[in-house]
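Encoded as structure tokens, the structure appears first; notes follow it.
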Amino acid sequence: MKRLLLVAALAATQTVFADTNNVLANEDAKVAYSLGFIFGKNNAAAIESLDIEKFVAGFKDGYGNKQGLLSEDEIKKTLTDYKERRMAEAQADFQKQALENKTRGEQFLAENGKKATVATTASGLQYEVLTQGTGVQPVASDTVEVHYEGKLTDGTVFDSSIARGQPASFKLDQVIVGWTEGLQLMKEGSKFHFVIPSALAYGEIGAGTIPPNAVLVFEVELLKVTKDVAEKKKKKSKKK
């Protein structure tokens with residue numbers, strides 16, 4: 001498989017120097033080009049500033065079973081050093097982003113907290129009542145059905161049940177701390193605006209498209225509360 005991928009990569013590099021019509025003159029050429037294109041596209045981010053000519057030279061020597069310009073040990077060390085260098089660079093970039101997000105998030109929370117319509121809880125969660133419902137108020141053990149949209153502080157939408165056209169349903173104690181706390185302030189029919197500090201969300205690590213130390217902004221509408229059956233039974237037994 002590795003050999004096939006390298007053949008594909010070589011075929012892709014040759015298109016830079018040859019007329020496309022000639023290179024793709026037959027089905028074998030098209031297969032080679034297609035595999036090479038996919039290999040190059042999928043590895044572009046992993047191999048920065050790749051010297052195409054040196055790559056082709058190394059491929060030709062290896063494929064032709066020739067004496068390499070580097071020994072196998074030197075090749076292993078070169079690639080190991082490259083991997084470690086890339087990892088160190090990635091870690092440094094991650095830490096820089098985390099620090100910038102922390103500063104930006106603190107500033108955003110400070111400014112948002114000054115608004116007359118915004119309340120801040122002891123944990124640092126900020127909320128604003130957009131619509132006050134009159135229905136059931138959930139506790140952490142309940143299951144809730146909500147419509148929501150989540151954004152970063154720059155306005156980037158990272159998740160939205162509204163866009164999907166499908167409400168989300170989940171147990172309230174199985175989501176981020178900011179949601180567990182915030183939704184217990186709501187009643188069915190309510191719509192709140194939440195600003196959630198990173199410590200109550202995904203913290204210093206982040207998650208998926210959510211960067212490290214990100215403050216999250218949500219608009220949440222509580223549609224339905226389903227009381228936990230076990231909790232109901234427990235309350236009834238205490239009354240007896």
Checklist entry - exposed (fewer than 12 other Cβ atoms within 10 Å of the Cβ), in a helix (DSSP H, G or I) and without any contact (Cβ under 8 Å) to a residue 60 or more places away in the chain - does that describe any residue in the stretch 61-69? => result no
Checklist outcome for this item: Checked against (1) open to solvent by 60 Å² or more (accessible area, probe 1.4 Å); (2) in contact with a strand residue (DSSP E or B) (Cβ under 9 Å, 6 or more places away or on another chain); (3) in a loop (DSSP other than H, G, I, E, B), Lys114 satisfies every condition except (2)
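Just for the stretch 100-121: of the residues that are of a type in the set (A, V, I, L, M, F, W, C) and free of Cβ contacts under 8 Å to residues at least 12 places away in the same chain, which one is nearest to Ser198 (Cα to Cα)? Show your work before the answer.
Filtering the stretch 100-121 down to residues of a type in the set (A, V, I, L, M, F, W, C) leaves 108-110, 116, 118-119.
Next, only the ones that are free of Cβ contacts under 8 Å to residues at least 12 places away in the same chain stay: 110, 116, 119.
Numbers: Ala110: 14, Ala116: 23, Ala119: 17 Å.
The residue in question is Ala110.
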Next on the checklist: I'm trying to understand the selection: among the residues of the stretch 122-169, which are in contact (Cβ under 8 Å) with a residue 24 or more places away in the chain, open to solvent by 40 Å² or more (accessible area, probe 1.4 Å), hydrophobic (A, V, I, L, M, F, W, C) and under 21 Å from Ile210 (Cβ atoms)?
Outcome noted: Phe158
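Can you tell me which residue within the stretch 167-216, out of those that are assigned to a strand (DSSP E or B) and touching a helix residue (DSSP H, G or I) at 6+ places or on another chain (Cβ under 6 Å), is farthest from Glu111 (Cα to Cα)? Working first, answer last.
Going through the stretch 167-216, the residues assigned to a strand (DSSP E or B) turn out to be 168-171, 191-196, 207, 210, 216.
So of that shortlist, the ones also touching a helix residue (DSSP H, G or I) at 6+ places or on another chain (Cβ under 6 Å) come out as 168, 194-196.
On the way: Ala168: 30, Phe194: 14, Val195: 11, Ile196: 14 Å.
Step by step, filter the stretch 167-216, then rank; the result is Ala168.
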Checklist entry - Across the stretch 70-97, what is the number of residues that are farther than 30 Å from Ser198 by Cα and in a helix (DSSP H, G or I)? => result 12
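Would you tally the residues in the stretch 68-92 being of a type in the set (D, E, K, R) and under 25 Å from the mean Cα position of the chain (by Cα)? Can you show your working first?
Step one: of the stretch 68-92, the residues of a type in the set (D, E, K, R) are 72-74, 76-77, 81, 83-86, 89.
After this cut, where a residue has to be under 25 Å from the mean Cα position of the chain (by Cα) as well, the list is 83-86, 89.
Residues flagged as of a type in the set (D, E, K, R) and under 25 Å from the mean Cα position of the chain (by Cα) within the stretch 68-92 amount to 5.
Every residue, every condition in (1) under 27 Å from the mean Cα position of the chain (by Cα); (2) at pLDDT below 95, yes or no:
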{"position": "Val195", "(1), (2)": "yes, no"}
{"position": "Ala207", "(1), (2)": "yes, yes"}
{"position": "Val217", "(1), (2)": "yes, no"}
{"position": "Lys224", "(1), (2)": "no, no"}
{"position": "Asp228", "(1), (2)": "no, yes"}
{"position": "Lys232", "(1), (2)": "no, yes"}
{"position": "Lys235", "(1), (2)": "no, yes"}
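This table checks each residue for (1) at pLDDT 80 or above; (2) open to solvent by less than 90 Å² (accessible area, probe 1.4 Å); (3) in contact with a strand residue (DSSP E or B) (Cβ under 8 Å, 6 or more places away or on another chain).
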position: Val16; (1), (2), (3): no, no, no
position: Asp19; (1), (2), (3): no, yes, no
position: Asn22; (1), (2), (3): no, no, no
position: Asn42; (1), (2), (3): no, no, no
position: Glu72; (1), (2), (3): yes, no, no
position: Thr78; (1), (2), (3): yes, yes, no
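The values are calculated or read from the model by the stated rules, or taken from the named source; none is laboratory data. From a predicted model like this one, the values you see are computed outputs, not experimental measurements. With ideal geometry, Cβ positions are generated from the backbone for all residues, glycine too; neighbour counts draw on all protein chains shown. The area values use the complete protein model at the heavy-atom level, side chains included, leaving out ligands, DNA and RNA. Shrake-Rupley method; radii C 1.70, N 1.55, O 1.52, S 1.80 Å.
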